[in-house]
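A.B. asks: The following block contains the structure, expressed as structure tokens.
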Amino acid sequence: MADRIRLEIVTPEKEVFHAMVESFIVPSLLGSAGILYNHAPMLAVLEPGVIKYCKDNQEHYIAVGTGFMELRNNEAEILVNTAELSRDIDIARAQAAAERAHRRLADKSANIDRARAEAALKRALARIKATSAK
């Protein structure tokens, strides 16, 4: 398989994805990072968002939480706290989670952990985006 990158996505519980791909884009803390064959080695901190990858000339999407990516020698290892293939996402559940997070953040009287609510919102929005990007 010439001109391909080995992409592996792992959470603390399991390996979520492993395949040879033509390219991919990750949600880096510094912005989206596009990766093509023979990319320079790099380390990146990832934020909640969507990994878009191209395999066999088709685009696919994976919603991910926070984590890290290491890329070297056309091999990318992504370690994230959560990851879901777009086909496995329950869109109704993701929308309900986003609405709950919005309500919590809007309620100024509640004694809430804002950082936790914001993180929940980012995860839910990433899951929604992964399903709607098809």
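A.B. asks: Name the residue, out of 122, 108, that is out of contact with any helix residue (DSSP H, G or I) (no Cβ under 6 Å at 6 or more places or on another chain), charged (D, E, K, R), under 20 Å from residue 9 (Cβ atoms) and not in a strand (DSSP E or B).
C.D. replies: 122
A.B. asks: Given the residues 25, 78, which is the only one that is closer than 18 Å to residue 3 by Cβ, surrounded by 12 or more Cβ atoms within 10 Å (Cβ to Cβ) and hydrophobic (A, V, I, L, M, F, W, C)?
C.D. replies: 25
A.B. asks: Let me ask something else. Give the residues of segment 55-89 that are in a loop (DSSP other than H, G, I, E, B) and either among the aliphatic types (A, V, I, L, M) or not assigned by TED's automatic domain parsing to the domain that holds residue 16 (or both), sorted by residue number.
C.D. replies: Result: 89, single match.
A.B. asks: Are any residues in segment 99-109 surrounded by 11 or more Cβ atoms within 10 Å (Cβ to Cβ), farther than 17 Å from residue 66 by Cβ and of a type in the set (A, V, I, L, M), and if so, which ones?
C.D. replies: 105
A.B. asks: I've got another one for you. For segment 39-59, enumerate the residues that are among the polar types (S, T, N, Q) and modelled with pLDDT of 95 or more.
C.D. replies: none
The values are calculated or read from the model by the stated rules, or taken from the named source; none is laboratory data. Quick caveat: nothing in here was measured; it's all calculated off a predicted structure. Backbone-built Cβ (ideal geometry, glycine too); neighbour counts: all protein chains shown.
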